[in-house]
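Inspection log for the structure reproduced underneath, given as structure tokens.
The values are calculated or read from the model by the stated rules, or taken from the named source; none is laboratory data. Keep in mind the model is a prediction, meaning the values are calculated, not measured. Here Cβ is always computed from backbone atoms with ideal geometry, including for glycine, and neighbour counts include all displayed protein chains. Areas reflect the complete protein model, heavy atoms only, side chains present, ligands, DNA and RNA absent. Shrake-Rupley method; radii C 1.70, N 1.55, O 1.52, S 1.80 Å.
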Amino acid sequence: MHPDTFDPTAGGPPPEQRPDDGSRRTFIKQASGILGLAVAPPFISQAEKLAAYTGKVEGATEMKLKVNGSIRTLRLEPRVTLLDALRENLNLTGSKKGCDQGQCGACTVLVDGRRVNSCLTLAITTQGKEITTIEGLAKGEELHPMQAAFLKHDGFQCGYCTPGQICSAVACVQEGHTKNDAEIREWMSGNLCRCGAYPNIVAAIKEVAGKGDGKS
Amino acid sequence: MNNFAFQTAASAKQATGAFRDDKQAAYLAGGTTLLDLMKLNVLQPSQLVDINSLPYRGITETPDGLRIGAMERMSDVGENALVMQQYPAISESLLLAASPQLRNMASIGGNLLQRTRCGYFRDTAFPCNKRQPGSGCPAINGENRNHAILGTSDQCIATYPGDLAVALIALDAVLHLESAKGKARRVPLLDFYLTPGNTPQRETTLEPGELITAVTVPAAEHARKSKYLKVRDRASYAFALVSAAVGLDVQGGTIRSARVALGSVGTKPWRAQAAEQLLVGKAATEANFRAAAALALQGARPHKHNAFKVELAQNTLVRALQDVAG
Ligand SMILES: Cc1cc2nc3c(=O)[nH]c(=O)nc-3n(C[C@H](O)[C@H](O)[C@H](O)COP(=O)(O)OP(=O)(O)OC[C@H]3O[C@@H](n4cnc5c(N)ncnc54)[C@H](O)[C@@H]3O)c2cc1C
Ligand code: SF4
Ligand code: FES
Ligand code: FES
């Protein structure tokens with residue numbers, strides 16, 4: 001019994017978003033597709049935020065989450081994680097639930113530009129923050145450079161870990177932790193891949209970081 | 001996960017007030033320990049009080065040394081230039097811990113209060129003296145590869161699993177606390193953690209409702225020449241099998257001061273002061289490092305699956321001391 005050595009090869013939830021035609025490219029495009037988002041009132045400031053949120057909340061309560069640039073109003077219990085809010089309530093199923101315990105990275109999203117595990121983040125604590133998921137990286141039909149690089153370098157097999165890998169990789173490059181292959185591997189170690197696509201993931205990140213030669 | 005009430009504390013007063021009104025409330029920082037254990041039903045607080053807005057921030061140089069606000073994140077402290085240059089063991093202990101995502105979330109205060117990774121503690125299907133006092137300890141005759149060899153009792157043999165506390169305890173860190181009644185006090189980290197004895201459920205001297213506000217670390221030559229060495233089953237993103245935090249002030253080949261602590265071998269972050277005393281005044285040689293390491297592990301009581309830790313810890317200590325001695 002070693003709960004800490006989460007083993008991605010020992011089974012787990014199946015990829016629930018298989019592309020219809022079996023093509024990984026379609027999968028990535030679907031995962032990054034644009035959603036019809038409700039137009040919401042202007043977002044509140046940090047100061048207003050504190051004043052507004054300090055009351056004690058019991059049971060389901062209204063909260064506003066800014067996801068991929070749009071404000072979404074939800075009624076959730078405080079125990080709902082950001083991952084569940086995204087997947088179950090906002091139908092943003094790109095972020096994956098691998099372990100639900102912070103051990104695999106499949107749920108990685110950006111909050112105020114920093115990568116975090118959405119499975120260990122309560123949705124209620126992300127009010128007033130900018131949440132970016134895999135669905136928010138592309139500009140319309142134009143893939144984010146990291147998405148394009150993952151396609152080019154075959155940075156995935158089943159694709160289950162991929163949305164988390166890509167979000168994490170975007171942050172990894174922004175943080176500047178891409179000096180060499182070893183540094184990329186160390187700073188991507190929070191994202192497990194049971195298919196073992198690691199060498200291609202490193203190649204994709206290297207290319208985006210501008211250090212690679214562009215060939216895999 | 002059970003449901004719970006929630007509030008965001010705008011001030012320490014609100015946070016401690018919420019706790020006084022509801023003794024089953026828990027403070028929420030990064031949530032990477034708390035939510036994990038709540039999902040497992042190991043912890044079931046009635047209310048979470050979000051303390052992330054409290055002003056316990058800043059990584060600053062003071063006349064005495066380093067001051068880190070309790071709400072600072074592991075990632076920011078680990079990559080802070082002052083910490084990296086003057087207190088390398090602290091930076092290393094942070095950057096070798098968990099994952100980049102978890103380090104972005106986890107706070108310094110929460111990190112110090114993380115709970116053991118004993119598999120029985122984390123699984124409510126099993127008895128566990130720490131989780132449910134008096135119910136028994138299945139680890140003693142069960143799966144105990146990750147368990148402690150120092151500071152154990154016949155009630156509990158769980159390790160303190162964290163990295164940062166090992167570096168901080170080596171470098172004489174002091175915790176700054178604020179009680180539920182608003183009273184401030186300071187506790188050397190050395191006096192903060194408890195061995196299990198007959199009360200394995202009590203892990204620290206933190207009072208109920210008390211807040212950690214900051215950690216300070218005195219400046220010293222052995223802090224500048226310090227190192228955190230972590231040995232794991234895999235190259236990254238794993239808890240330590242054993243770890244060592246050491247600091248040496250060597251002048252003209254002679255050790256002027258030494259700091260030695262071990263991680264993941266003790267029921268608490270393990271400072272080895274006898275080993276330090278042995279080193280002071282001696283030459284910085286492998287033979288002396290070996291003698292110090294043997295002394296640090298004196299009295300170790302391994303169990304069925306973790307006898308390997310005795311030698312591994314000594315070798316780790318020697319390697320770390322050699323590295324800082326240059
Ligand atoms: C998959 C995984 C791998 C990990 N690997 C490592 C590792 O290799 N090395 C390592 O050292 N750690 C590791 N950790 C543990 C991690 O570092 C801790 O969970 C984290 O540091 C806790 O900080 P937090 O802010 O998230 O705490 P929280 O979960 O928010 O809080 C933890 C506890 O501290 C209390 N608390 C928090 N802040 C305060 C305060 N200021 N005053 C009083 N009480 C407070 C809370 O009430 C709670 O009881 C790992 C965790 C996970 C999930
Ligand atoms: S070692 Fe401690 S934490 Fe683990 S089962 Fe025994 S009493 Fe519980
Ligand atoms: S789902 Fe595995 S880390 Fe969040
Ligand atoms: S888990 Fe299948 S591609 Fe990573």
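Taking the protein assembly as shown on its own, what percent of its Cα-Cα pair distances exceed 47 Å? Of all Cα-Cα distances in the protein assembly as shown, 11 percent exceed 47 Å.
For chain B, with all protein chains in place and a probe radius of 1.4 Å, 48% of the accessible heavy-atom surface sits on carbon or sulfur. Dividing the mean sequence gap of close Cα pairs (under 8 Å, 6+ apart) by how many residues region B:5-53 holds gives a relative contact order of 57 percent. One Cα centroid belongs to region B:188-241, the other to region B:1-48; the line between them spans 22 Å.
Per residue, how much accessible area does the protein assembly as shown have with a 1.4 Å probe, in Å²? Numbers along the way, then the final one.
On the way: 21790 Å² over 542 residues.
Heavy-atom accessible area per residue stands at 40 Å².
Peptide A:96-103 has a mean shielding of 3, counted as Cβ atoms of other protein chains within 10 Å of each residue's Cβ. Panel note: contact residues of region B:6-36 (accessible area lowered by at least 10 Å² against the chain on its own; 1.4 Å probe) correspond to B:F6, B:Q7, B:T8, B:A10, B:Q14, B:L28, B:T32, B:L35, B:D36.
Assuming a viscosity of 1.306 mPa s and a temperature of 10 °C, what translational diffusion coefficient in µm² per second does Stokes-Einstein assign to chain B, Rh being the Kirkwood radius over Cα pairs?
The estimated diffusion coefficient comes to 79 µm²/s.
In region B:88-155, the C-alpha radius of gyration followed by the widest Cα-Cα span (Dmax) gives 15.0, 42 angstrom.
Leaving ligands and nucleic acids aside, the B/A contact buries around 3700 square angstrom of accessible area in total at a 1.4 Å probe radius. Sorting B:186-192, B:97-103, B:240-246 by their mean Cβ neighbour count within 10 Å, with the most densely packed peptide first, gives B:240-246, B:97-103, B:186-192. Note: relative contact order over region B:222-325, using C-alpha pairs below 8 Å and six or more positions apart, is 28 percent. The distance from the alpha carbon centre of region A:57-77 to that of region A:82-114 is 15 Å, rounded to a whole number. Neighbouring Cβ atoms from other chains, within 10 Å of the Cβ of residues in A:72-83, number 2 on average. Rounded if a/c is under 1.5, else prolate if a/b is larger than b/c, else oblate: which is region A:145-211, with a ≥ b ≥ c the root eigenvalues of its Cα gyration tensor? Here region A:145-211 falls in the prolate category. Pairs exceeding 28 Å between alpha-carbon atoms, taken from A:K64/A:K179; A:K97/A:K152; A:K206/B:K309; A:K96/B:K230; B:K39/B:K227: A:K64/A:K179; A:K206/B:K309; A:K96/B:K230; B:K39/B:K227.
Residues of region B:84-123 that lose at least 20 Å² of accessible area (1.4 Å probe, protein heavy atoms only) when the other protein chains are present, relative to their chain alone, are B:L95, B:P100, B:Q101, B:L102, B:R103, B:N104, B:M105, B:R117, B:G119, B:R122.
How large is the helix-only mean residue ellipticity at 222 nm for chain B, computed as the sum of -39500 (n - 2.57) over DSSP H runs with n ≥ 4, divided by its residue count, in deg cm²/dmol to the nearest 500? It would help to have the intermediate numbers written out before the result.
Numbers: 12 runs with 93 residues, N = 326.
Result for chain B: -7500 deg cm²/dmol, rounded to the nearest 500.
Relative to the longest principal axis of the Cα atoms of chain B, helix B:286-296 runs at roughly 40 degrees.
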